[in-house]
Amino acid sequence: QVQLVESGGGLVQPGGSLRLSCAASGSIFSIYGMGWYRQAPGKQRELVARITSSSSTNYADSVKGRFTISRDNAKNTVYLQMNSLKPEDTAVYYCNRQPIPFGSWGQGTQVTVSS
């Protein structure tokens, strides 16, 4: 059972930046595609970025050009660099496998964009 631990969230002003990290347990992390998801209050969880095992990336239109997903297989870690943050980016951010998430999710990390 893979365990996922997200970190790096916080309070940031509009236009600011944050870098999220997701540490995964397990020795076969490198074969998985991974994704960053977010869930805002009262809304469904949505996929915002994904990266394949060969590091090809895709982004939701709402974050394209502002967010960058990357991975370090040696550290079993996936990152999400978020720039030019907007209030509508406020949400709890989670990572999980792509395209089929693991059955269990981490605790997520809260990102709040507010002046």
Restricting to region 19-48, name every residue that is open to solvent by less than 30 Å² (accessible area, probe 1.4 Å) and either more than 17 Å from G106 (Cα to Cα) or among the charged types (D, E, K, R) (or both). R38
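Assess whether V92 counts as being under 14 Å from the mean Cα position of the chain (by Cα), modelled with pLDDT of 95 or more, among the hydrophobic types (A, V, I, L, M, F, W, C) and open to solvent by 70 Å² or more (accessible area, probe 1.4 Å).
Working: under 14 Å from the mean Cα position of the chain (by Cα): yes; modelled with pLDDT of 95 or more: yes; among the hydrophobic types (A, V, I, L, M, F, W, C): yes; open to solvent by 70 Å² or more (accessible area, probe 1.4 Å): no.
No.
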Which of the residues belonging to region 50-89 are open to solvent by 40 Å² or more (accessible area, probe 1.4 Å), under 19 Å from S7 (Cα atoms) and part of a strand (DSSP E or B)? R50, T68, S70, D72, Q81
Test: Q13 is surrounded by 14 or more Cβ atoms within 10 Å (Cβ to Cβ) and touching a residue at least 24 places away in the same chain (Cβ under 8 Å): no
Pick from region 95-115 the residues that are among the polar types (S, T, N, Q) and closer than 11 Å to G10 by Cα: which of them is most open to solvent (accessible area, probe 1.4 Å)? Q110
What are the residues in region 50-84 that are free of Cβ contacts under 8 Å to residues at least 40 places away in the same chain, touching a Leu at 6+ places or on another chain (Cβ under 8 Å) and of a type in the set (A, V, I, L, M, F, W, C), if any? A60, F67, I69
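The values are calculated or read from the model by the stated rules, or taken from the named source; none is laboratory data. The structure displayed is predicted, hence computed values, not measured ones. Ideal geometry is used to build each Cβ from the backbone, glycine not excepted, and the neighbour counts take in all protein chains shown. Heads up: the accessible areas ignore ligands, DNA and RNA and are worked out on the full protein's heavy atoms, side chains in. Shrake-Rupley method; radii C 1.70, N 1.55, O 1.52, S 1.80 Å.
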